[in-house]
Amino acid sequence: MSAIDSNAVNALNTLYTAHLAEQQRRTEHALQRGGFDALLIASGIEKFAFLDDRPYVFQPNPHFKLWVPLIRHPDSWLVIRPGHKPRLVYVQPEDYWHVPPEAPSGFWVDHFELIIVRKPDEALPYLQVPGTLAIVGEADAALGDIVPNNPPEVLNPLHYARAAKTGYELLRLREASALGAKAHLASQRAFRDGLSEAAIHNAYLDACGFAERDLPYGNIVALNEHAAVLHYQYQDQRAPAQSLSLLVDAGAHSCGYASDITRTTGNGDTTFQALIDAMEAAQLRLVDRVRAGVDYRDIHLASHRETAGVLRQLGIVKMDEEAMLAQGVTSTFLPHGIGHLLGLQVHDIGGFMAGEDGGTIAKPDGHPYLRLTRVLQPGMVVTIEPGLYFIPMLLDKLRATPAGANVDWALVKHLSAFGGVRIEDDVACREAGAPENLTRDAFAALI
C-alpha cells in the first residue's frame, strides 16, 4: 500500500470511528429518553412479487446502513447497548443459486463484535439480550419473540438528530456527488450526439459504473416536452426528430449515501438558453442562503420571488414580482418545493420535525409540496432545486384567471416545446460562512 493510500485509509478510519461514537451517543440518549435498554436494528428481508419467486430490489433499513456500509445484506441485525461494542449478526448463507455476501472485511470490521451465521433464524440467540428492547424494522423482519416495535420515543430523537451529518457522512456524500457529476456529463454528451432517452440513461449508468438496481432512485431522463413532467418515469427507445432539451434528475451513492443532482441542457436555442442562464443565476443565489439559523421555509419562499423575477426578466409574464406572488402566478411555473434533506435516503427523514419529541413544523400556506420546514443547522445537507416548467394543465388554469392576460402566450408556446428547466445541487450547511456545494465542487473537479 502506498503512503497516499495508507493516509486515506487512516483518515477514513478516523472519521468512521468518530461517526460510530456519535451514533452510540445518540442511541444511548434516545434509549434513556424512551426507557429502553438496547436497540436492535434489522437490515430487512428480501421481498418477492405477488404470486411469484422474483424478488424486488432489496432496500436496507436506513437505520442499519447508518452504522455499517452494507447495502446488499438482508436478514442481518445490529445490537446496540450502552457500554458495549456494537454487535453485528451477519448472515452469509451457503447458496449456489445466488452470490452470497462476501466475508466481512474492510476498515469497519474491527469496530464490531462480529457474528456470522448461515441462516436468518440462526441470528435469534444473539438478539436475545437482557432488558427492554427497542426493535427497529418492518414487521416482516420478526424472528421468534424479536418483533419490531419501532417505539417513537426512541425513533424521534434518532430521526431528528440524523439530519446533521458527521464528517464520515459528508465524505460519503461528496463521493456520491463525484460519481453523479461524472455521469451527468456523460448524459449531456449523449444528448449532443442525438441519442434517445434510453441511450442517454445507459450512458449515465456506464459513466458511474452502476447497474440500474444500484441507483438511489429511478433516473429521470426527459427530452423536450417530457421535462415538464416533474417525475417523468419513462425512457423512450427512439430519439425524437429533434432533441431540443434534456433534463436529467439522477444521482449515485457511496456506501448507501445518495447524491441527487439535476441538470438541464439546451441545443442552442437562444431563448431557452436565456431561461437556463437566468435559472442558474437564481439557483446560485438560493444556494447561498443555506446558512446555519436560516429557516428553510424562507428559502422556499425566496425561490418563488426568484421565479417571479425570471418570468418578468424574460418577458414571459408582464407583471411585477409582488403581484405575481399575490396572485399565485409563480406556482403555475414552480409547483414543487425547493428541496429536502439528503443522506441515507434521497428524501431523508425528519424534515418536518419540531424537536426530539416529534411534532410537526407546518409548511407555508399554499405550498403543500415542500419537504423540509426546519431551521438549518451545521451538518445538514439539503437540495436546492428551483424549476420553471411549462405544464399544460397548470397553464390552462392560469389562462382562465385575470393574470392570464399578462402572459406572453406566444413565448410560452415556444418554450413549451422544451418542457422546462430544473437545476439541483446538494448543499451542506456549515458552522459559519458560505455553504459547501457538494455538486458544484464535484463538477469543478471534472471540468
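The values are calculated or read from the model by the stated rules, or taken from the named source; none is laboratory data. As the structure is a computational prediction, the values presented were derived from the model and not from experiment. When we count neighbours, we look across all protein chains shown, and the Cβ atoms used for this are built from the backbone with ideal geometry, even at glycine. Accessible surface areas use protein heavy atoms only, side chains included; no ligands, DNA or RNA. Shrake-Rupley method; radii C 1.70, N 1.55, O 1.52, S 1.80 Å.
Residues considered: VAL381, VAL421, VAL412. Of these, the only one that is in a helix (DSSP H, G or I), in contact (Cβ under 8 Å) with a residue 60 or more places away in the chain and among the β-branched types (Val, Ile, Thr) is VAL412. Within region 234-261, which residues are in contact with a strand residue (DSSP E or B) (Cβ under 8 Å, 6 or more places away or on another chain) and either over 13 Å from LEU215 (Cβ atoms) or among the β-branched types (Val, Ile, Thr) (or both)? Scanning region 234-261 gives ASP236, ALA239, PRO240, SER243, LEU244, SER245, LEU246, LEU247, VAL248, ILE261. Sort out which residues of region 398-409 are in contact (Cβ under 8 Å) with a residue 40 or more places away in the chain and part of a loop (DSSP other than H, G, I, E, B), and write them in order of number. Matches in region 398-409: THR401, ASP408. Of THR332, THR373, all but one fail to be of a type in the set (Ser, Thr, Tyr), at pLDDT 95 or above, part of a loop (DSSP other than H, G, I, E, B) and surrounded by 20 or more Cβ atoms within 10 Å (Cβ to Cβ); the exception is THR373. Mind checking whether some residue in region 313-330 is within 27 Å of LYS165 (Cα to Cα), free of Cβ contacts under 8 Å to residues at least 24 places away in the same chain and not aromatic (Phe, Trp, Tyr)? No, every residue in region 313-330 fails to be within 27 Å of LYS165 (Cα to Cα), free of Cβ contacts under 8 Å to residues at least 24 places away in the same chain and not aromatic (Phe, Trp, Tyr). Residues of region 212-257 that are of a type outside the set (Gly, Ala, Ser), farther than 19 Å from GLY419 by Cα, part of a loop (DSSP other than H, G, I, E, B) and without any contact (Cβ under 8 Å) to a residue 40 or more places away in the chain: LEU215 alone. Elements of the type strands (runs of 3 or more DSSP E) sitting completely within region 59-161 and holding at least 3 residues that are of a type outside the set (Gly, Ala, Ser), free of Cβ contacts under 8 Å to residues at least 60 places away in the same chain and open to solvent by 20 Å² or more (accessible area, probe 1.4 Å): these cover 113-117. When the residues of region 349-370 are filtered to those that are surrounded by fewer than 16 Cβ atoms within 10 Å (Cβ to Cβ) and aliphatic (A, V, I, L, M), the one that is farthest from GLU424 (Cα to Cα) is ALA354.
Filtering region 224-251 to residues that are farther than 26 Å from LEU179 by Cβ and not hydrophobic (A, V, I, L, M, F, W, C) leaves ASN224, GLU225, ARG238, PRO240, GLN242.
Those residues that are over 17 Å from GLY387 (Cα atoms) and either open to solvent by 40 Å² or more (accessible area, probe 1.4 Å) or assigned to a loop (DSSP other than H, G, I, E, B) (or both), I need them from region 290-314; list them, please. Across region 290-314, the qualifying residues are VAL290, ARG291, ALA292, GLY293, VAL294.
Is it true that some residue in region 276-285 is open to solvent by less than 20 Å² (accessible area, probe 1.4 Å) and either free of Cβ contacts under 8 Å to residues at least 24 places away in the same chain or of a type in the set (Phe, Trp, Tyr) (or both)? No, region 276-285 has no match at all.
Yes/no per residue for (1) over 30 Å from ALA38 (Cα atoms); (2) in contact with a helix residue (DSSP H, G or I) (Cβ under 9 Å, 6 or more places away or on another chain):
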position: ASP145; (1), (2): no, yes
position: ASN156; (1), (2): no, yes
position: LEU185; (1), (2): yes, yes
position: ARG192; (1), (2): yes, no
position: ALA199; (1), (2): yes, yes
position: LEU223; (1), (2): yes, yes
position: VAL229; (1), (2): yes, no
position: GLN242; (1), (2): yes, yes
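Residues that are β-branched (Val, Ile, Thr), within 16 Å of the chain's Cα centre (by Cα), surrounded by 22 or more Cβ atoms within 10 Å (Cβ to Cβ) and under 24 Å from LEU311 (Cβ atoms) are absent from region 413-422 altogether. Of the residues contained in region 378-393, one or more are found to be over 30 Å from GLU22 (Cα atoms) and open to solvent by 60 Å² or more (accessible area, probe 1.4 Å).
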